[in-house]
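Remarks on the structure that follows.
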Amino acid sequence: MENIYLNHWAVISCAVLNLALGAIWYSPLLFYKGWKAENKLTDEDLKKVNPAKTYGLTLLFSLIMAYNMAFFLGDAETDAAWGATAGLLTGFGFAGLIFAVVALFEMKSWRYIFINGGYITVYFTLIGWVLGAWR
């Protein structure tokens, strides 16, 4: 474990990146309408959300995910290319696919799976790249 390299500022930035990417991904510019329709949510439903709880827990969980990825990419030889590759493999190969498995049993649509699975894959690819590049 003494050879693990962690850049705590990069990890914190990756946690914040989750909020920023989510704001774009689930915005009206991209997938807001589709995501809302697939979840059968209305604007009234979304007004009932407790933002402090939702964003606070999201930031906490994002920090845990970013530290987890940083430990996996902690080798001194890690660079941006390997970080992005590891992020893609993690996002699609692990997280995105287990999300798809759960969604299939919940009888969710492929549209739902692609919107959310795409977000997961892009997020992990980005944080892998950031953690690999920001050494």
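The values are calculated or read from the model by the stated rules, or taken from the named source; none is laboratory data. Owing to the predicted nature of the structure, the values given are computational and were not obtained by experimental measurement. So basically every Cβ, Gly included, is an ideal-geometry build from the backbone, and we count neighbours across all protein chains shown.
Contact annotation: residue pairs with Cβ atoms under 8 Å, 6 or more positions apart or on different chains, pairing a residue in the stretch 24-44 that is surrounded by fewer than 16 Cβ atoms within 10 Å (Cβ to Cβ) and modelled with pLDDT of 95 or more with a partner that is assigned to a loop (DSSP other than H, G, I, E, B) and not hydroxyl-bearing (Ser, Thr, Tyr), are 24/30. Of all the listed residues (108, 53), the sole one being farther than 18 Å from residue 18 by Cα and at pLDDT 95 or above is 108.
Considering only residues in the stretch 45-91 that are over 18 Å from the mean Cα position of the chain (by Cα) and of a type in the set (S, T, N, Q), the one that is surrounded by the most Cβ atoms within 10 Å (Cβ to Cβ) turns out to be 78. In the set (1) modelled with pLDDT of 95 or more; (2) over 25 Å from residue 110 (Cα atoms), the condition left unmet by residue 77 is number (1). Against the condition aliphatic (A, V, I, L, M), farther than 16 Å from residue 130 by Cβ and over 19 Å from the mean Cα position of the chain (by Cα), how does residue 37 come out, does it pass? So residue 37 fits the description; yes.
When 47, 36 are screened for being over 24 Å from residue 109 (Cβ atoms) and either in contact with a strand residue (DSSP E or B) (Cβ under 7 Å, 6 or more places away or on another chain) or among the charged types (D, E, K, R) (or both), only 47 passes. How do the pairs read when you match residues in the stretch 112-135 that are within 17 Å of residue 98 (Cβ to Cβ) with residues anywhere that are in a loop (DSSP other than H, G, I, E, B), using Cβ under 6 Å and keeping only pairs 6 or more apart or on different chains? Once the first residue is within 17 Å of residue 98 (Cβ to Cβ) and sits in the stretch 112-135, its partners that are in a loop (DSSP other than H, G, I, E, B) give 115/31.
I need the full set of residues from the stretch 84-111 which are in a helix (DSSP H, G or I) and hydroxyl-bearing (Ser, Thr, Tyr), in order please. Hits for the stretch 84-111 are 85, 90. Applying the criterion of being over 13 Å from the mean Cα position of the chain (by Cα) and among the hydroxyl-bearing types (Ser, Thr, Tyr) to the residues of the stretch 14-34, the residue that is farthest from residue 126 (Cα to Cα) is 32.
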